[in-house]
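The values are calculated or read from the model by the stated rules, or taken from the named source; none is laboratory data. Note that this is a predicted model, so its numbers are computed, not measured. When we count neighbours, we look across all protein chains shown, and the Cβ atoms used for this are built from the backbone with ideal geometry, even at glycine.
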Amino acid sequence: AIDNGGNQALVYSADMSNREQAWVAMEAALRQAFEQDQFQMYYQPQFDVTGNQLIGMEALIRWQQADGQFISPAEFIPVAEQTGMIVNMGQWILKVACEQAAHLYQSGLRDFVMAVNISARQFQHPKFLETVARIIDESQIDPAYIELEITESTIMQNIEHCIEILQQLKSLGLALAVDDFGTGYSSLSYLKRFPIDKLKIDQSFVRNLGSDKSDLAIVRAIIDLAHNLDLAVIAEGVETEQQRAMLEANRCEQIQGYLISKPMPAAQAVSFVNEKLKR
Ligand code: C2E
Ligand code: CA
Ligand code: CA
Ligand code: CA
């Protein structure tokens, strides 16, 4: 790096300015959206690999602007993360998802998890544990029904501290899944020290399962790793019967993806569950 007396901005200002301006605008829009209740949680079912049994739902945030247009979380979550807004937003997400889980429980659903995404910044916040404990308590859901999805790259930062936080989350009774597994740089020797329950195979490996031999090899390796560590394993982004069948043949036990259902609004998720319970 060029030494300019500590003024990094000087070096980057020319190419950062456009991006920075876009982020500042996005941040303002996010704050306003929050005040105007433009955020909503959607829920995507998770199934056992045969597709017969509903085993959970993943809560996914949606932002619908006043004109009806949706902005992808892949666009705004990184901004919320960078600006720190994700801390408040994440509390709201967890609260809404816990309430939805309590609602599904009251409808008669059992043996399921409500999976909630936790961003790195949220996870690293000093009050994270306290906040999670309070929200779980207030929603009166058995914490065993809540699964926190933490990405592989999040848990690989500051490993010792991370293990401690995960242990405390486990002692609160929560389930823990490692999201986007295979995309980070897990040290396998550390992995066995994490008190986790599940690995979630990233959809980038599932997408070309039928055509790409190395993706198949990676998926197999993750499934075997999970089983050897006594962890459950779920594949995300399952869109075709061929992908599902290959996952089943390789003993992956859980799937999530458009093949079974897209994420849907709360009311529709409740009807979906009620339909399942009737059968
Ligand atoms: P993710 O946690 O890896 O979530 C999986 C994404 O894959 C979701 O996109 C989901 O809608 C999409 N998906 C599910 N099944 C399929 C499929 O069969 N095919 C394809 N192509 N995609 C599928 P979404 O909802 O747009 O979210 C994108 C990312 O934004 C998430 O990736 C996550 O990193 C972040 N995100 C979304 N909601 C939340 C949230 O509530 N909190 C946090 N911290 N991050 C969130
Ligand atoms: Ca996720
Ligand atoms: Ca994922
Ligand atoms: Ca992802």
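On inspection, residue 77 does not qualify as surrounded by 20 or more Cβ atoms within 10 Å (Cβ to Cβ) and either within 15 Å of ligand 1 (Cβ to nearest atom) or among the basic types (Lys, Arg) (or both).
Residues in segment 97-113 that are in contact with a helix residue (DSSP H, G or I) (Cβ under 8 Å, 6 or more places away or on another chain), part of a helix (DSSP H, G or I) and not acidic (Asp, Glu): 98, 100, 101, 102, 103, 104, 105.
Scan segment 201-224 and give yes if some residue there is under 14 Å from the mean Cα position of the chain (by Cα) and of a type in the set (Val, Ile, Thr), otherwise no. Looking for residues that are under 14 Å from the mean Cα position of the chain (by Cα) and of a type in the set (Val, Ile, Thr), one finds at least one in segment 201-224, hence yes. Picking from residues in segment 172-195 that are in contact (Cβ under 8 Å) with a residue 40 or more places away in the chain and in contact with a strand residue (DSSP E or B) (Cβ under 8 Å, 6 or more places away or on another chain), the one that is farthest from ligand 3 (Cβ to nearest atom) is 174.
Restricting to segment 185-206, give me the number of residues that are within 16 Å of ligand 2 (Cβ to nearest atom) and assigned to a loop (DSSP other than H, G, I, E, B). The total comes to 3.
Looking across segment 225-278 at every residue that is outside any helix (DSSP H, G or I) and of a type in the set (Lys, Arg), the one that is nearest to the chain's Cα centre (by Cα) is identified as 262. Report, ordered by the first and then the second residue, all pairs with beta carbons closer than 9 Å, sequence separation of six or more or different chains, a first member in segment 209-236 that is over 23 Å from residue 192 (Cβ atoms) and free of Cβ contacts under 8 Å to residues at least 12 places away in the same chain, and a second member that is among the polar types (S, T, N, Q) and within 16 Å of ligand 3 (Cβ to nearest atom). Taking only residues 6 or more apart or on different chains, the pairs are 215/204. Here 102, 115 are screened, and the one residue that is under 23 Å from residue 267 (Cβ atoms), within 16 Å of ligand 4 (Cβ to nearest atom), at pLDDT 95 or above and aliphatic (A, V, I, L, M) is 115. Applying the condition of being among the basic types (Lys, Arg) and in contact (Cβ under 8 Å) with a residue 12 or more places away in the chain to segment 237-279 and asking which residue is nearest to ligand 2 (Cβ to nearest atom) yields 262.
Every residue, every condition in (1) more than 16 Å from ligand 3 (Cβ to nearest atom); (2) in a helix (DSSP H, G or I); (3) under 30 Å from residue 205 (Cβ atoms); (4) not acidic (Asp, Glu), yes or no:
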{"residue": "66", "(1), (2), (3), (4)": "yes, no, no, yes"}
{"residue": "92", "(1), (2), (3), (4)": "yes, yes, no, yes"}
{"residue": "136", "(1), (2), (3), (4)": "yes, yes, no, yes"}
{"residue": "150", "(1), (2), (3), (4)": "no, no, yes, yes"}
{"residue": "153", "(1), (2), (3), (4)": "no, yes, yes, yes"}
{"residue": "160", "(1), (2), (3), (4)": "yes, yes, yes, no"}
{"residue": "163", "(1), (2), (3), (4)": "yes, yes, yes, yes"}
{"residue": "166", "(1), (2), (3), (4)": "yes, yes, yes, yes"}
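Within segment 105-116, residues that are over 15 Å from residue 173 (Cβ atoms) have Cβ atoms under 9 Å from residues that are assigned to a loop (DSSP other than H, G, I, E, B) in these pairs: 111/53; 115/256, counting only partners at least 6 apart in sequence or on another chain.
Pairing each residue of segment 75-92 that is within 18 Å of residue 59 (Cα to Cα) with any residue that is β-branched (Val, Ile, Thr) and more than 9 Å from ligand 1 (Cβ to nearest atom), provided the two are 6+ apart or on different chains, yields C-beta distances under 6 Å for 91/131.
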